[in-house]
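Here's the structure, in C-alpha cells; my notes come after.
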Amino acid sequence: MSSNAIILVVDDEPTSRQILVGYFESEGYLVREAQTAEQAEDILQKETIDLVLLDIRMPGKDGLTLTRELRVSSDIGIILVTMRQDDIDRIVGLECGADDYVTKPFNPREILARAKNLIRRVRQLRTLAQSSQKEETVKHFGDWSLNVNLRRLLHLDGEKVQLTDGECQLLATLISHADMAMTRDDLMDKIRNREWLPSDRTIDVLIGRLRKKLRDDSTDPNILITVHGTGYLFNSKATRDDG
C-alpha cells in the first residue's frame, strides 16, 4: 500500500513538517507538503490524496476550517495534528469531521500505524464506491439503513447521509452489540484500538454527531441511549419516525 499511497502534510512549522515528510518518505509513501491551507487546496485539486496530516493552528485559513470544507464532499482521510493542551480544538476537529488526531510532540511510529489503518479504510471505501459488484454490508434499524462499506445512512424518505470513518465504526459497533450497554473505554478499543486519556471526549462527540444525523433527539434519544455511569446503548427496538 505504501508504494503508491499519497499523503499530504500541512503544517506551517518547518521542523514538524520536515519530520513527518521525511518519516513517511522513508516508509515508501509518496508525500506532498504545504505550509498553508490555501497551498493544500491547490494540491488537492490536482492530485488524488489518500490522507491529510493537518495542523490545526495555521495563519490564514486554519485546519478546522479546511477539515470542515473537505468533509462536505470528500472521503479523504484526515488526521489532525494538535498541541497537547488543545482539548477544545480536538473536540471541534472531530465535530468538523476529522477521523483522528495526534498531539505534539508526536511519535512518528504511532502516526504511521494510524495512517496505515486509515488509508486502508479510505481505499476500501473508494473501491466499493466504484464497483457495484461488491457485496454490501447493510444493517437496518427503524427508518434507517446503514451501508457499512460505503459509510452511508439511507432514510426511508430517500435522504442519504455520509458518515465519517469514526462515526461509521462507532455506529456499526453499537449495532453489533445491540441492547448491550458499552463503556466509553470498550467503544474506544473497538473503533480505534489505541490508548486513550480518561478525559478524552471522542465517543461523546461522535454520539452527538450521530444523533443529529439520525434525527435522534438528544434530549430524549430513541436510538442511541445514554446509560448514565456506564456509556451508551443501541436500542434495537428503535421505532420508526412518526413523520
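Listing S218, S74 from the residue with the fewest other Cβ atoms within 10 Å to the one with the most, what is the order?
Numbers: S218 11, S74 15.
With the fewest neighbours first, S218, S74 line up as S218, S74.
In terms of the Cα gyration tensor, with a ≥ b ≥ c the square roots of its eigenvalues, is region 6-130 rounded because a/c is under 1.5, prolate because a/b exceeds b/c, or oblate? Provide the component values of the computation, followed by the final result.
On the way: a/c = 1.30, a/b = 1.13, b/c = 1.15.
The shape class here is rounded.
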- Beyond 31 Å between alpha-carbons counts as too far, so tell me which of K61/K104; K46/K116; K116/K237; K160/K237; K46/K139; K104/K190 fall in that bin. K116/K237; K46/K139
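If you take the Cα atoms of the chain, find Rg, then find the Kirkwood Rh from the mean of 1/r over all pairs, what is Rg/Rh?
Details: Rg = 18.3 Å, Rh = 18.8 Å.
My calculation puts Rg/Rh at 0.97.
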- Query: Against the longest principal axis of the chain, how steep is helix 14-26, in degrees 0 to 90 to the nearest 10, with axes from Cα atoms?
  - Reply: 80 degrees
- Item | For the chain: relative contact order, % (alpha-carbon pairs under 8 angstrom, 6 or more apart) | 13 percent
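Cα gyration tensor of region 1-63, axes a ≥ b ≥ c as square roots of the eigenvalues: rounded (a/c below 1.5), prolate (a/b > b/c) or oblate? The partial results should precede the final answer.
Numbers: a/c = 2.62, a/b = 1.37, b/c = 1.92.
Oblate shape, in that a/c is at least 1.5 and b/c is the bigger or equal ratio.
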- Quick one: helix 63-73 against the long Cα principal axis of the chain, what's the angle to the nearest 10°, folded into 0 to 90? 60 degrees
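Does region 138-234 come out rounded, prolate or oblate by the C-alpha gyration tensor, with a ≥ b ≥ c the root eigenvalues, rounded set by a/c under 1.5 and, if not, prolate when a/b is larger than b/c and oblate if not? All intermediate terms of the calculation are to be shown ahead of the outcome.
Working: a/c = 1.85, a/b = 1.45, b/c = 1.27.
Prolate shape, in that a/c is at least 1.5 and a/b is the bigger ratio.
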- Query: Dipole of the chain, Cα-centred, from +1 at each Lys and Arg C-beta and -1 at each Asp and Glu C-beta, to the nearest 20 debye?
  - Reply: 520 debye
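Just so you know, all these numbers are worked out from the coordinates, no wet-lab data involved. Here the structure is a predicted model, which means the values were calculated and not measured. Reconstructed Cβ throughout: ideal geometry from the backbone, glycine too, with neighbour counts over all protein chains shown.
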